[in-house]
Protein chains: 2
Amino acid sequence: MKIDPKKPADLSAQIAQAIRDAIISGQLIVDERLPSEAELSEQFQVSRPTVREALKRLAAQSLIRTQRGASGGAFVNRLSFENAYSQQITTSTLLLSMNAVSFDTACEARFALERACAALSAQRRTADQLATMRAEIHRQSQPGLTDEAFCASDVAFHRALVDGADNPVLSYQLAGAVEAMQPLMNMITFTARSREAIIALHSQIADALEIRDGAKVDATLVELENYTRQLARDVAQQRRKPA
Amino acid sequence: MKIDPKKPADLSAQIAQAIRDAIISGQLIVDERLPSEAELSEQFQVSRPTVREALKRLAAQSLIRTQRGASGGAFVNRLSFENAYSQQITTSTLLLSMNAVSFDTACEARFALERACAALSAQRRTADQLATMRAEIHRQSQPGLTDEAFCASDVAFHRALVDGADNPVLSYQLAGAVEAMQPLMNMITFTARSREAIIALHSQIADALEIRDGAKVDATLVELENYTRQLARDVAQQRRKPA
DNA sequence: AGACTTTTAAATGTCAGACAAATAAAATCT
DNA sequence: AGATTTTATTTGTCTGACATTTAAAAGTCT
């Protein structure tokens, strides 16, 4: 683990990269303790604040965790799927908002990815997951539900669908796509009629999953995608010429 | 932008979160300059090193960039797709290696996602992208190619396929899945015969894309997935009883 | 001896003050 | 006016110190 002494700027970034490389390459394994900040500053020939800046960079990526006190220190973190989820969601959300990704583009990506899970989920979904989906459908049909609550339930429904594929890597990838769509979905106001239509499609999906008909799930997702995009177009149109 | 003075530990994390929230909520917009470190330390009533640790955390997530000198400072970064790619790849790679995700699981996810692009790519792929794919196929058939180079070309091929869908969100999501597979793929040694088989399937995919036959692309990807998983099984078997 | 309490040492968290280096704007000179 | 020098601002880094947390060691009592 060495750093280039010729490039004096961004020492903390170099040190962070050196430690990151050590973790990625397996030189540092999960739960292993890094040398103390004092030892690291001696190893890299920099001051402790510089080492600390490097460690904070790694902590921001959940690559390490720190613990105070005797026998404390910085430890290599097991990057859990949950940690990765939340990072992915933050990143995806910012990516969409900062790059002015259109609703259509985001929607297309989200449904394309979700359809990738359809067949697997039809094969493997558990009774529990199906029950979750039914429960969310029921919640969605409650009167007096706010748009935010409806959206949240929508996310939970699709989350259960994705989890049905029983592949953590897929769930992880989809988490970003589905959750990052929420701010965009929140721009849509769901009328009673549009909610009905969505709930009907959700029910169709649940029915298809119940009989493990992957093709039907896929087809219904296409319908749902088209309907969602239509709703977004309507909102855009109404904005253009308001009443 | 306030922090809780009652929880004295992890001040830098709190400050980072406060600034992060301000960025996500749109209070700080792209390319806006943050207050100087001195001003921030006064605002938050902490020392400059603490502020710096917070800023480094944000820099690690590419949320800000810093510039030295007069009229320098920390600026809100436009989170580009490219920045997000590399972070996603790092995260995905670590996620797979640290959680002992099986080859089958990763492979299944990767191809499921890639198949999600197949139909779109068949519709929209440009002549350029097709040419890239042909070029990579040609490279793959060169004799004396190392396994790493073959893998790299394989990634480039699939990258072009995904980019053909002309949806940056899809490309971003897929980047993680495809690239994170590389360390796992590198465990496979590609014999001359297996390379031939893969190249044949690649050619089939390119041919199908040329005539914009999405279903054929999809079917061939299924074949490729099965073949890849078979190769991995063979490697595992050979390891169990080595000659 | 064993269980409980106190002390101690090690580590991170935070602070204050200082200087170096880069950089753009202002001032100066030709 | 244009080129050069100076200056002020800001980040990057260092030194040294103290606070806080925590586990282990030492001590104490039963």
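Among the residues of the stretch B:116-157, those identified as within 30 Å of A:Cys117 (Cα to Cα) and either within 14 Å of chain A (Cβ to nearest Cβ) or touching a Phe, Trp or Tyr at 6+ places or on another chain (Cβ under 6 Å) (or both) are B:Ala116, B:Cys117, B:Ala118, B:Ala119, B:Leu120, B:Ser121, B:Ala122, B:Gln123, B:Arg124, B:Met133, B:Glu136, B:Phe150. The set of residues in the stretch A:186-199 that are more than 23 Å from the chain's Cα centre (by Cα) and surrounded by fewer than 16 Cβ atoms within 10 Å (Cβ to Cβ) comprises A:Thr189, A:Thr191, A:Ala192, A:Arg193, A:Glu196. Applying the set (1) within 27 Å of B:Leu79 (Cβ to Cβ); (2) within 16 Å of DNA strand C (Cβ to nearest atom); (3) not in a helix (DSSP H, G or I) to A:Arg57 leaves exactly one unmet item: (3). Within the stretch B:72-83, residues that are more than 16 Å from B:Ala60 (Cβ to Cβ) have Cβ atoms under 6 Å from residues that are at pLDDT below 90 and aromatic (Phe, Trp, Tyr) in these pairs: B:Phe81/B:Tyr172, counting only partners at least 6 apart in sequence or on another chain. Looking across the stretch B:96-128 at every residue that is outside any helix (DSSP H, G or I) and either modelled with pLDDT under 90 or over 20 Å from B:Glu223 (Cβ atoms) (or both), the one that is farthest from the chain's Cα centre (by Cα) is identified as B:Thr126.
Here B:Pro8 passes the criteria (1) at pLDDT 95 or above; (2) not in a helix (DSSP H, G or I) except the one numbered (1). Pairing residues of the stretch B:9-29 that are more than 16 Å from DNA strand C (Cβ to nearest atom) with residues that are of a type in the set (Gly, Ala, Ser), at Cβ distances under 7 Å and at least 6 apart in sequence or on separate chains, gives B:Leu28/B:Ala22. Residues in the stretch B:18-29 that are under 25 Å from the mean Cα position of the chain (by Cα) and either among the aromatic types (Phe, Trp, Tyr) or surrounded by 14 or more Cβ atoms within 10 Å (Cβ to Cβ) (or both): B:Arg20, B:Ile23, B:Ile24. Among the residues of the stretch A:165-205, the ones that are under 22 Å from A:Glu148 (Cβ atoms) and within 14 Å of another protein chain (Cβ to nearest Cβ) come to 13 in all. For beta carbons closer than 9 Å, sequence separation of 6+ or different chains, a first residue in the stretch B:33-46 that is in a helix (DSSP H, G or I) and a second that is of a type in the set (Gly, Ala, Ser), the qualifying pairs are B:Glu37/B:Gly73; B:Glu37/B:Ala74; B:Leu40/B:Ala54; B:Leu40/B:Ala74; B:Ser41/B:Ser47; B:Phe44/B:Ala18; B:Phe44/B:Ala54.
Table: residues versus (1) within 30 Å of B:Ala177 (Cβ to Cβ); (2) of a type outside the set (Val, Ile, Thr); (3) in contact with a Leu (Cβ under 8 Å, 6 or more places away or on another chain).
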residue: B:Pro35; (1), (2), (3): no, yes, no
residue: B:Ala38; (1), (2), (3): no, yes, no
residue: B:Arg68; (1), (2), (3): no, yes, no
residue: B:Gly73; (1), (2), (3): no, yes, yes
residue: B:Val76; (1), (2), (3): yes, no, yes
residue: B:Asn83; (1), (2), (3): yes, yes, no
residue: B:Leu96; (1), (2), (3): yes, yes, yes
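Which one is farthest from the other protein chains (Cβ to nearest Cβ), of the residues in the stretch B:47-89 that are within 12 Å of DNA strand D (Cβ to nearest atom) and aliphatic (A, V, I, L, M)? Talk me through it step by step, then tell me what you get.
Applying the first criterion (within 12 Å of DNA strand D (Cβ to nearest atom)) to the stretch B:47-89 yields B:47-56, B:58-59, B:64-75.
Checking the rest, the ones that are also aliphatic (A, V, I, L, M) come to B:51, B:54-55, B:58-59, B:64, B:70, B:74.
Details: B:Val51: 11, B:Ala54: 8, B:Leu55: 9, B:Leu58: 7, B:Ala59: 7, B:Ile64: 11, B:Ala70: 17, B:Ala74: 13 Å.
This residue is B:Ala70.
Can you confirm whether B:Thr105 is surrounded by 15 or more Cβ atoms within 10 Å (Cβ to Cβ), in contact (Cβ under 8 Å) with a residue 40 or more places away in the chain and assigned by TED's automatic domain parsing to the domain that holds B:His158? Steps first, please.
Working: surrounded by 15 or more Cβ atoms within 10 Å (Cβ to Cβ): yes; in contact (Cβ under 8 Å) with a residue 40 or more places away in the chain: no; assigned by TED's automatic domain parsing to the domain that holds B:His158: yes.
The answer is no for B:Thr105.
Filtered by the rule that a residue be surrounded by fewer than 22 Cβ atoms within 10 Å (Cβ to Cβ) and not charged (D, E, K, R), the stretch B:157-177 gives B:Pro168, B:Ser171.
Total residues in the stretch A:18-45 satisfying the condition of being within 14 Å of chain B (Cβ to nearest Cβ) and near DNA strand D (Cβ under 8 Å from one of its atoms): the figure is 1.
For B:Arg195, state whether it is of a type in the set (D, E, K, R) and modelled with pLDDT under 95.
Details: of a type in the set (D, E, K, R): yes; modelled with pLDDT under 95: yes.
Considered against the rule, which asks whether it is of a type in the set (D, E, K, R) and modelled with pLDDT under 95, B:Arg195 comes out as yes.
The values are calculated or read from the model by the stated rules, or taken from the named source; none is laboratory data. Note that the structure is predicted; figures quoted are calculated from it, not measured. In this analysis, Cβ positions are derived from the backbone assuming ideal geometry, glycine residues included, and neighbour counts consider all displayed protein chains.
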